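Read the structure below first, then the notes.
The values are calculated or read from the model by the stated rules, or taken from the named source; none is laboratory data. Being a predicted model, the structure only gives us computed values, none of them experimental. Heads up, the Cβs are rebuilt from the backbone with ideal geometry, glycines too, and the neighbour counts pull from every protein chain shown.
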Amino acid sequence: MTTTLGLQINRFGFWSAIIAIATTIISFFIPLDAPGGYTAEHADRVAWLSANSGTFILGWVNQIIAMLSLSGVFFGIAWQIATRNPLRAVIAAMVVLISVVAFIIPKFMAVWTIPLLAQTISNGAVGAELADPLLRLLNVSIPFSLYTSFDYLGFWLYGVFGLLVAGPLYGGTTSAKIAAVTIGVFGLMYHGLLASLLLGAIAPIDIESSFLGVAGLLLIVVVAMTFTFRHAMIAPPLATVDDPR
């Protein structure tokens, strides 16, 4: 049973990594906000969202799939370290689960709430007075909006996860060592950036470039883990207790 479960989890981690890479590539071709992003005028954003709601929704559905697949990779990593440090593995898996909650809330609002708000404002329908300030609060590009606060919370939890798993993950295959070092560096850098932000060393306008730039390290982790999961899938099973029959 243990060997079968391990094979299933490693296969799940492998295909999660493949999907995460594919959705990352797709995200470069689908806009997630109106042109201009942070500097776009509110009226221009409303007009763009009304005219491109289908594209906007598709882009954020892709982001949901990317987030869930990355979470699958992280669950696979937690399984990888379970034999070396089971307590860290359990805590790390719990951290990933909490991060899914943090990420899914704003991304679902991007698919459901934001297009409806823009449509309501554009049509001057009932509730337009309420929809306008809500859409401003849920701006997907301003780093201190209610929307993006959930996203940065999710990435902070990824940083905590990285610090938990980096040590136990290091070892075995070269790809596991690369993933361990990279995710450890991500955890350290993200917490360093967070401390700098809280101390006033990073201006609000620089938050996105600073924090999301560091998040690019996670792609290296995903690529490295595809080889680690693949190796675990084809490796001979661990010795088990003889069947008494």
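Looking at the stretch 21-44, can you tell me whether even one residue there is under 30 Å from Ala131 (Cβ atoms), small (Gly, Ala, Ser) and free of Cβ contacts under 8 Å to residues at least 12 places away in the same chain? Looking for residues that are under 30 Å from Ala131 (Cβ atoms), small (Gly, Ala, Ser) and free of Cβ contacts under 8 Å to residues at least 12 places away in the same chain, one finds at least one in the stretch 21-44, hence yes. As a summary of the residue check, Asp151 satisfies the conditions (1) farther than 29 Å from Gly76 by Cβ; (2) surrounded by 13 or more Cβ atoms within 10 Å (Cβ to Cβ); (3) acidic (Asp, Glu) except for the one numbered (1). Quick one: would you say Ser196 is more than 21 Å from Ile65 (Cα to Cα), of a type outside the set (A, V, I, L, M), assigned to a helix (DSSP H, G or I) and modelled with pLDDT of 90 or more? Against the criterion (more than 21 Å from Ile65 (Cα to Cα), of a type outside the set (A, V, I, L, M), assigned to a helix (DSSP H, G or I) and modelled with pLDDT of 90 or more), Ser196 qualifies. Only residues that are of a type in the set (S, T, N, Q) and either outside any helix (DSSP H, G or I) or in contact with a helix residue (DSSP H, G or I) (Cβ under 9 Å, 6 or more places away or on another chain) (or both): list them for the stretch 4-31, please. Passing the criteria: Asn10, Ser16, Thr23, Thr24, Ser27. Any idea which of (1) surrounded by fewer than 21 Cβ atoms within 10 Å (Cβ to Cβ); (2) within 14 Å of the chain's Cα centre (by Cα); (3) at pLDDT 95 or above is the one Leu212 doesn't satisfy? Failed condition: (3).
Return yes when Phe186 is farther than 20 Å from Arg84 by Cα and either assigned to a loop (DSSP other than H, G, I, E, B) or not acidic (Asp, Glu) (or both) and no when it is not. Criteria met by Phe186. Within the stretch 79-117, being under 18 Å from Gly167 (Cβ atoms) and free of Cβ contacts under 8 Å to residues at least 24 places away in the same chain holds for Ala82, Thr83, Pro86, Leu87, Val90, Ala93, Met94.
Checked against the criterion of being under 30 Å from Ala128 (Cβ atoms) and not basic (Lys, Arg), the stretch 78-87 has no qualifying residue.
Ala89 satisfies every condition listed in (1) surrounded by fewer than 17 Cβ atoms within 10 Å (Cβ to Cβ); (2) part of a helix (DSSP H, G or I) except (1).
For the stretch 51-78, the set of residues classified as under 24 Å from Val165 (Cβ atoms), among the aromatic types (Phe, Trp, Tyr) and either crowded, with 22+ Cβ neighbours inside 10 Å or at pLDDT below 95 (or both) consists of Phe74 only. Restricting attention to the stretch 32-42 and to residues that are in a helix (DSSP H, G or I) and touching a helix residue (DSSP H, G or I) at 6+ places or on another chain (Cβ under 9 Å), the residue that is surrounded by the most Cβ atoms within 10 Å (Cβ to Cβ) turns out to be Gly37. When the test is whether a residue is on the phi < 0 side of the Ramachandran plot, surrounded by fewer than 20 Cβ atoms within 10 Å (Cβ to Cβ) and outside any helix (DSSP H, G or I), Thr83 passes it. Across the stretch 9-25, the number of residues qualifying as under 15 Å from Ile64 (Cα atoms) and buried (at least 22 other Cβ atoms within 10 Å of the Cβ) comes to 3.
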